[in-house]
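What follows is a short report on a single structure.
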Amino acid sequence: MDLLITDAVIVTPDGILDRSAIAVTGDRIAAIGSNHDLAQRFPRHERMDGRSLAVLPGLVNAHTHTALTILRGTVEDWDGNAVYGYMSPVSYEMSGEERAVMVQLGCLEAIRSGCTTLVEPFRHIPSFGHAMAATGLRLWMSENAADINTLRIRQGDYAEDRAFGQVFLDRTVQMIEMFHGTHGGRVQCQVAAHAPDNCSPWILRQLMDLSAKHGLTRTVHLAQSIEEIRAVRAMRDATPAEYLDREGFLGPDLVGAHWTFCSPSDVELLASRGVQMAHCPANSSRRGPHKAPIGLIRDAGVNIALGTDNMTEDMFQAMKIGQIIHRGGRGRAKEDGVSPQPEDTFRMATINGARSVGAAAEIGTLEVGKKADLTILDLRTPSLRPIIRLLASVVHYGHPAAVHSVMVDGRFLMRDRRVLSLDEEFLVDEAQRVAKRVWERMLAKNPDIPPPPGGLRWLDL
Ligand SMILES: [Zn+2]
């Protein structure tokens, strides 16, 4: 759309402007400057009064699984392996339609949380990619490939299964054909290896060939759990990072999520190969502060992007908890007490995320010529006042309710707190119905999967 927002606070890479204007023409930022100049240059653009609003670059969630909103309120307080115990089984149990509902619930939360971009490695993408694209969000989707059956790992079976793996390779190609570069380039694809403990050298090679053939960036879960570390040691006699390096899988086009149990030499190796990090500090801290050696990772100059991972799309949580985790990252309060600064953390949630998918020239900052992906905050939000250092307030005290409007590609997905791209009322109730149905079916069909800790008590809404 053609829009001129006037009298706003505007967060640019060169500083924070107040009482200023930003013009959007079509899907791009056309100008940033004084109210007077831009009013003259864009007389026919629709006007929006930006008084008490802050225009920020859209938040980039560098690692999430929107369909796993279905597990919200179940496995967070359990100390078992949720990945193979619940997440993999539930991803198979849902039908395409059911996945689409849960994915849209996640996207709805993302929009209300000020996100404009989601990076989504999951399974069965062709079954729900259309529903995700329909939300208007900017997307990087990938099919989480594995050739060790992730439905059997919970029983301790790590047998390689090429037929199982081939399904993901075929589905990756199908996904690329269906979605890559569609919706005016708003929807793109990556190649994903699920994790080092469920991918053989054979499938890693196939995935590298696919990414080279299609020119796609890549992602992998990395050193996420103690079980993964043990399994990779037993099968490959290496750490996950060493194993991926031996197979030639590490490189600057690869983003590793988590790095939780990386050793100092793993960090050195990953950094030397230019691997980027999707850090999911809120999710990774649910069972206690995240253990990743974040001080070493920062010192090594790794590009750190922020993600939410499972069961939430709230990037404010990621920034807030990430800031705390990073500040304690070297275990020395004296040097680490106030580092990173909120400006650094905000960059992790925006431009670093853009860089992680190779899109720093298009999104991640408010600059003329870049895509018009905007997060607009209501500065009348009590928790943000008084406003002195805006980004300090946003990182320490920001929350989804402060989000006023969200624009992607020059189109409002939410305007003045009304979501425009989804039927919010229907969706939240439908998600409740779907979650109940899927949980009951999954437990009935799989006697070895126990009800989640505390059981399932469905409230009568
Ligand atoms: Zn993940």
* Is the stretch 70-80 home to any residue that is farther than 23 Å from Thr375 by Cα, acidic (Asp, Glu), surrounded by 16 or more Cβ atoms within 10 Å (Cβ to Cβ) and away from the ligand (no atom under 16 Å from the Cβ)? -> no
* Asked: Are any of the residues in the stretch 248-263 acidic (Asp, Glu) and over 19 Å from Gly358 (Cβ atoms)?
  -> no
* Provide a single number: the residues in the stretch 292-304 that are within 15 Å of the ligand (Cβ to nearest atom) and touching a Lys or Arg at 6+ places or on another chain (Cβ under 7 Å). => 0
* Set Glu143, Glu97: member being surrounded by fewer than 21 Cβ atoms within 10 Å (Cβ to Cβ) and modelled with pLDDT of 95 or more -> Glu97
* Structure fact -> Selection from the stretch 25-36 of residues more than 15 Å from Gly410 (Cα to Cα) and either in contact with a helix residue (DSSP H, G or I) (Cβ under 9 Å, 6 or more places away or on another chain) or assigned to a helix (DSSP H, G or I) (or both) yields Gly33, Asn35, His36
* Asked: Checking Asn310 against (1) within 29 Å of Ala159 (Cα to Cα); (2) within 16 Å of the ligand (Cβ to nearest atom); (3) touching a helix residue (DSSP H, G or I) at 6+ places or on another chain (Cβ under 8 Å); (4) modelled with pLDDT of 95 or more, which single condition isn't satisfied?
  -> (4)
* For Tyr158, work out the one condition from (1) over 18 Å from the mean Cα position of the chain (by Cα); (2) closer than 19 Å to Thr308 by Cβ; (3) of a type outside the set (A, V, I, L, M, F, W, C) it doesn't fulfil. => (2)
* Leu137 vs. criteria surrounded by fewer than 16 Cβ atoms within 10 Å (Cβ to Cβ), hydrophobic (A, V, I, L, M, F, W, C) and in contact (Cβ under 8 Å) with a residue 12 or more places away in the chain -> no
* Structure fact -> Filtering the stretch 402-420 down to residues that are out of contact with any helix residue (DSSP H, G or I) (no Cβ under 7 Å at 6 or more places or on another chain) and either surrounded by 13 or more Cβ atoms within 10 Å (Cβ to Cβ) or closer than 19 Å to Leu68 by Cα (or both) yields His404, Ser405, Met407, Val408, Gly410, Arg411, Phe412, Arg415, Leu420
* Structure fact -> The residue from Pro289, Pro264, Pro281 that alone is under 23 Å from Ile321 (Cβ atoms), touching a helix residue (DSSP H, G or I) at 6+ places or on another chain (Cβ under 9 Å) and away from the ligand (no atom under 16 Å from the Cβ) is Pro289
* First in the stretch 298-309 and free of Cβ contacts under 8 Å to residues at least 40 places away in the same chain and of a type in the set (Lys, Arg), second anywhere and part of a helix (DSSP H, G or I) and within 16 Å of the ligand (Cβ to nearest atom), Cβ under 6 Å, 6 or more apart -> none
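Residues that are of a type in the set (Val, Ile, Thr), out of contact with any Cys (no Cβ under 7 Å at 6 or more places or on another chain) and either under 29 Å from Ile5 (Cα atoms) or assigned to a loop (DSSP other than H, G, I, E, B) (or both): does the stretch 299-317 have at least one?
Checked the stretch 299-317: at least one residue is of a type in the set (Val, Ile, Thr), out of contact with any Cys (no Cβ under 7 Å at 6 or more places or on another chain) and either under 29 Å from Ile5 (Cα atoms) or assigned to a loop (DSSP other than H, G, I, E, B) (or both).
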* Scan of the stretch 282-297 for residues that are at pLDDT below 90 and out of contact with any Pro (no Cβ under 7 Å at 6 or more places or on another chain), ordered by number -> Ala282, Asn283, Ser284, Ser285, Arg286, Arg287, Gly288, Pro289, Lys291, Ala292, Ile294, Gly295
* Structure fact -> Taking the stretch 120-150 and keeping only residues that are within 16 Å of the ligand (Cβ to nearest atom), among the hydroxyl-bearing types (Ser, Thr, Tyr) and out of contact with any strand residue (DSSP E or B) (no Cβ under 6 Å at 6 or more places or on another chain), one is left with Thr150
* Mind listing just one residue for me: the one in the stretch 321-357 that is β-branched (Val, Ile, Thr) and closer than 16 Å to Ala62 by Cβ and, of those, modelled with the lowest pLDDT? => Ile325
* Asked: Of all residues in the stretch 234-266, how many are surrounded by 22 or more Cβ atoms within 10 Å (Cβ to Cβ) and at positive phi?
  -> 2
* To do: Having 2 or more residues that are within 16 Å of the ligand (Cβ to nearest atom) and among the small types (Gly, Ala, Ser) is the bar; report the strands (runs of 3 or more DSSP E) wholly within the stretch 163-236 that clear it.
  => 191-193
* Structure fact -> Residues in the stretch 245-258 that are closer than 22 Å to Arg233 by Cα and more than 16 Å from the ligand (Cβ to nearest atom) total 7
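The values are calculated or read from the model by the stated rules, or taken from the named source; none is laboratory data. Because the structure is a prediction, the values reported are computed rather than measured. Heads up, the Cβs are rebuilt from the backbone with ideal geometry, glycines too, and the neighbour counts pull from every protein chain shown.
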